[in-house]
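Asks: Below is the structure I would like to discuss, written out as structure tokens.
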Amino acid sequence: MPLPIRSIASLAVLASLAAALTLYWQWPEPVVAQTDSASLVQSVAPIIASPLPRQPAPTAVEQAAPAAVLPSMSGTEVDGELKTDSAGNLQLDLALRDYFDYFLSAVDQNGLDSSVEVLLADAGGRLQEPALGQLIGLLGDYLDYKRASLALMQQPLNAQQQAQPQAQLAVLQQAFDSMAQLRRSHFSPGAVEALFGAEEAYARYTLDSLNLLARDDLSEQGKAAAQQGLREQLPAAMRASEERQSQALAQQAQSERLWREGASEEQVRQSLALSYDPSTVERLLLEQRNERDWQQRYTSYREQLTRLHSNGLSPADQQHEQQRLRQRLFNAADQHRVDTYDAIAAKQQDSEPAEL
């Protein structure tokens, strides 16, 4: 039985929201248990040279190569940016958070001590006081926040929360509220807005949109109007991006409807031409053609797999034949997607009530 696209799309929406509320990396358990962020910052601070005489600083600090490079970061460029104001104070923005996360992404491979040591050495080559001291203080708060947020997001879901859409929405809302409260317990209001404001705005918009879709007291027209109202509350740049995405999804739905109704490729091309330039139309047609081909191959794969599981072969032989089937229908680049679709299909089958 082919996997419905809408099921995958719904899962992707939930996954993207969950990703926005989780960490970029997994914190090693031994380090969490043994390391105190304040003492850690104090212990690695001496690697930075004595503070330079206070001098006027540019708004954007010139980016230089890291003072030291961890093996897992070799050949990469430092992400983010460090900025100061005319008085030499550290400017708080999303680029600063990206800078922290660039170095902390190496924790799994190199340990917390080494990752923070390299971060501070790099910052010491870019910043003067008072910005450098301000960065060190903020880093301690950021490390504490990362630990607390990891513990928060590791709370397991019960069976009801995993199975019922309304329960899933409630869990996502609770996670958002808890994360927002956690941030405000570790950072000042200004720091929360600078470091997490955009993320929270879009997460709030996504949650409100999911709740709107779940309402049965509104017509489709009413939902569309309410959705537009939510979109207008987004920051301008984010709103423009969301509108472009909404337009693209609407056009994709229109194309899928035409294909289902047996339209020719030329008819789909004419529909796309109402919204896109010729080169974009041809690119989208190629993508849709490839996607339709992939879906047909996956449908055939699931049908043959069902017959394979009912032909009396041993589990080992079934596994062998399934692998041969996959290699025949899909190339190496497709295998991860097949794994994902198979996992979702298995979960759907597990949640279906047993036939009496």
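The values are calculated or read from the model by the stated rules, or taken from the named source; none is laboratory data. Worth saying up front: this structure is predicted, and the values here are computed from it rather than measured. Backbone-built Cβ (ideal geometry, glycine too); neighbour counts: all protein chains shown. Heads up: the accessible areas ignore ligands, DNA and RNA and are worked out on the full protein's heavy atoms, side chains in. Shrake-Rupley method; radii C 1.70, N 1.55, O 1.52, S 1.80 Å.
Asks: Taking the Cα centre of each part, how many Å lie between region 208-236 and region 245-271?
Replies: 23 Å
Asks: Starting from 0 in steps of 5 Å, tell me what percent of the Cα-Cα pairs of region 183-328 lands in each bin.
Replies: With a bin width of 5 Å, the distribution comes to 2, 7, 11, 11, 9, 11, 13, 10, 9, 8, 5, 2, 0, 0.
Asks: Moving on. Determine the per residue accessible area of region 78-124 with all protein chains present and a 1.4 angstrom probe, expressed in square angstrom. Write out the running numbers ahead of the final one.
Replies: Numbers: 1520 Å² over 47 residues.
Result: 32 Å² per residue.
Asks: Which FRET efficiency value, to the nearest 0.05, is calculated for residue 221 and residue 241 with the Förster distance at 22 angstrom and r the Cβ-Cβ distance?
Replies: Working: r = 25 Å, r/R0 = 1.12.
Efficiency computed from Cβ-Cβ geometry: 0.35.
Asks: Could you check the spin-label model distance between residue 198 and residue 273? Points 7 Å from the Cα along Cα→Cβ, value in nm.
Replies: The two pseudo-label positions are separated by 3.7 nm.
Asks: Using a 7 Å offset from the Cα along the Cα-to-Cβ direction at both residue 333 and residue 214, what is the distance between the two label points in nm, to one decimal?
Replies: 3.8 nm
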